[in-house]
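First up is the structure itself, then whatever we jot down about it.
The values are calculated or read from the model by the stated rules, or taken from the named source; none is laboratory data. These numbers come from a predicted model, not from an experiment. Glycine also receives a Cβ, built like all others from the backbone with ideal geometry; neighbour counts cover every protein chain displayed. We work out accessible area using only protein heavy atoms, side chains counted, and drop any ligands, DNA or RNA first. Shrake-Rupley method; radii C 1.70, N 1.55, O 1.52, S 1.80 Å.
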Amino acid sequence: MKINQFATITTDYHTQLIELERVGFKTNTIGAKQRLAAYLEKVYWQQQQTGSLQEQEAQLLATPTQTMASFLASKAPLTPTIFALLSLQLLGFLPWDDFDPNHPQTSRKNLGLAPIEMVTTETDVARAWYQLLTTHTRFGLTYLDHLASQGYFTQPHFRQNQQLFFNGKAQATFQTNAFHHELVYVPTDVDTDGDGLLDLIRVEITRPTSSVPVPAVYTASPYDQGTNDRYGEQLTHQVDVPLTRKQPAQHHHQPFQPLPRKAKSPVTEPATSQTLQCPPPHPGYTLNDYLLPRGFASIYAAGIGTIDSDGLQTCGDPAQTNATIAVIEWLHGDRPAFVSKNRKQAVAADWCNGNVAMTGRSYLGTLAIAAATTGVPGLKTIIPEAAISSWYDYYRENGLVVAPGGFQGEDCDVLAAETFSRRQRPGDYLKVQTAFEQELADLQQGQDRTSGSYNQFWDDRNYRNHLQQIKCDVLLVHGLNDENVKLKNPAALWAGLKDLPISKKIDFTPRSACLSKQLSVL
């Protein structure tokens, strides 16, 4: 077994002391052994209420032949070997099964953990304890996250529902039973269904109770309101066809023209902070769920062409990008939203501090990349997993029509039909059926399965044309074995990001995301 240690910030001793105090580990005790005893009392604070602290300490080894309770009661000095053995147990490793208690320092090295070098003074112990809190346990969490999962931050002296950071990471200090579940409708600048009104999109919000504005984590998921699987199957293209000779073609890139800003929808009633309440959403994207108790609001929008929203599914074009960033503009305070679809009463995101991150896998991460290439104010970070940076590189390759892994015969028109969940509301669908059938015809013509050539249709869906507009941080995550969104998509994106003055990282993992469409009902 080896536990990879990652995402740790190097800090000086003064900062470590401040942060230790912030998370409840006081540094006013004198003497190395006394400080360790005080820290263990904090770890086992619940046991102190029942008088069983010593019993808990008696379950830990200080040496292969002595318990921690016996050691703390003795006059023996604290040594690096004793701290190393204690730390392995606190991190959840099992003596004799996971490590040799006779050689804890060697075991730490074999497990991928840093050595314990010195614990002679109380300063040394504070440094070693800080390192322990940031170390990932046998089950993947940092030790401080593990303590939080045991209720550590529910102690009375911690300020509930206030953000708390340790080593650069927000801690789980928000009450999960006090979340607000709300619903608003955000107007876009597009009218894709041609009804003469700007398309509204349904936005679901889960946010913690807080006395100060909080940041938001936003996932644009066209799958979020359901999919038309049978409809997609009916439109799936026949791939068992003979290849024909391709004629060379040259596409001349046309500079991107931003969609014109249309007049804002009229507001006829005073603005309000009261929103419609909605049931808690179905289990969402796991990163969003992780961040909720750490003081980040979780935002979901399926976008144009989905249930309870207006518009048509357009599969990655500028109209869909525009609809995606409309939510960010609302969170940033640059656009109103409405309490209901009657468009009469505006509602502001006054609970949000204007800072937005976007997350998501596959199509969801693709829309995060699309949003970032607009340079929309308020978007601070994107974390796209297995995401598309150019739709041509997903459905085509050098003039050939190719199939994403696991989805033979799919194309832009099929994906648009599958995610056009407005079709599941027959009365609503009746109003836009003709418009969507025309949209499908336009998609089929533009995607050009006959030649497979790169054309204006694909150029409009190539987000790498606009990388210079990216202002936010970027963390790309991709599977090395992904046969769905192949590696050329993140590779070409990464190459285009290298000279941009932004923070950027890429994480290639062994896992495949070929099932991302099924998984990304996120």
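Taking GluC sites (Glu not before Pro) as candidate sites, keep only those in a DSSP loop with at most 15 other Cβ atoms within 10 Å, then name the longest stretch of the chain containing none of them. Working shown, then result.
Values: sites that count: E117, E483.
Formally, the longest exposed-site-free interval is 118-482.
How many nm is it between the label spots at E21 and Q438, if each spot is 7 Å from the Cα in line with the beta carbon?
6.8
I need the phi-derived Karplus couplings for segment 13-25: 6.51 cos²θ - 1.76 cosθ + 1.60, θ = phi - 60°, integer Hz, Gly and Pro marked x.
5, 4, 5, 4, 4, 4, 6, 4, 4, 4, 9, x, 9
Could you work out the relative contact order of the chain? I mean the mean sequence separation of Cα pairs under 8 Å and 6+ apart, divided by the number of residues, in percent. Each step should come with its number before you reach the end.
On the way: 981 pairs, mean separation 73.3, N = 522.
Once normalised by length, the contact order is 14 percent.
Taking only DSSP H segments of four or more residues, each worth -39500 (n - 2.57), what value at 222 nm results for the chain once the sum is divided by all its residues, to the nearest 500 deg cm²/dmol?
So the helix-based figure for the chain works out to -8500 deg cm²/dmol.
By how many degrees, between 0 and 90 and to the nearest 10, does the Cα long axis of helix 122-133 differ from the longest principal axis of the chain?
Tilt relative to the chain: about 30 degrees.
Within segment 361-389, list the residues whose amide N lies under 13 Å from a label point set 7 Å along Cα→Cβ of Q469.
Hits in segment 361-389 for Q469 at 13 Å: 369-377.
Calculate the spin-label point distance for K341 paired with H14, positioning each point 7 Å from the Cα along the beta-carbon direction, and give it in nanometres.
Roughly 5.9 nm, to one decimal.
Could you provide, to the nearest whole Å², the per residue accessible area of the chain with probe 1.4 Å?
45
For the chain, what is the percent of antiparallel DSSP beta bridges, rounded to the nearest 5? Write down the numbers at each step before the final one.
Working: 24 of 51 bridges.
About 45 percent, rounded to the nearest 5.
In whole Hz and in residue order, list the ³J(HN,Hα) couplings for segment 326-340 that follow from phi through the Karplus curve 6.51 cos²θ - 1.76 cosθ + 1.60, θ = phi - 60°; x for Gly and Pro.
Computed from phi, the couplings for segment 326-340 are 4, 5, 5, 4, 5, 4, 7, x, 9, 7, x, 10, 10, 5, 9 Hz.
Using DSSP to call loops (not H, G, I, E or B), can you name the chymotrypsin sites (Phe, Trp or Tyr not before Pro) in segment 90-160 whose Cβ has at most 10 other Cβ atoms within 10 angstrom?
Answer by residue number: W96.
Rounded to whole Hz and in sequence order, give me ³J(HN,Hα) for segment 493-499 from the Karplus expression 6.51 cos²θ - 1.76 cosθ + 1.60, θ = phi - 60°, writing x for Gly and Pro.
So the J values, rounded to whole Hz, are 5, 4, 4, x, 8, 4, 9.
Show the residues, 5+ positions off or on another chain, whose built amide H is closer than 5 Å to the amide H of F25.
Amide H to amide H, under 5 Å and 5 or more residues apart or across chains, F25 pairs with nothing.
So which lysines can K344 reach, going by Cα to Cα under 16 Å and dropping same-chain residues fewer than 8 places off?
Those lysines meeting the cut-off are K264.
Can you give me the % of accessible surface on the chain that is carbon or sulfur? Probe 1.4 Å, all protein chains present, nothing else counted. Let's see the in-between values first.
Working: 12630 of 23570 Å².
Here it works out to 54 percent.
Taking amide H positions as placed 1.01 Å from N in the peptide plane, with prolines and chain starts having none, which residues 5 or more places from H180, or on another chain, fall under 5 Å of its amide H?
Here the answer is R207, T209, since their amide H atoms fall under 5 Å of that of H180.
Tell me which residues come under 5 Å, amide H to amide H, from F93 once H is placed; ignore anything under 5 positions away on its chain.
For F93, whose amide H was placed from the backbone, the distant partners under 5 Å are R138.
Rounded, prolate or oblate: which fits segment 301-442 when a ≥ b ≥ c are the square roots of the eigenvalues of the alpha-carbon gyration tensor, with rounded for a/c under 1.5 and prolate only if a/b beats b/c?
Oblate, because a/c is 1.5 or more while a/b does not exceed b/c.
Which links in K380/K498; K471/K505; K169/K488; K169/K380; K42/K109 stretch past 22 Å when you go from one Cα to the other? Don't skip to the answer; put the middle values down first.
Values: K380/K498 18 Å; K471/K505 14 Å; K169/K488 32 Å; K169/K380 16 Å; K42/K109 27 Å.
Table pairs above 22 Å Cα-Cα are K169/K488; K42/K109.
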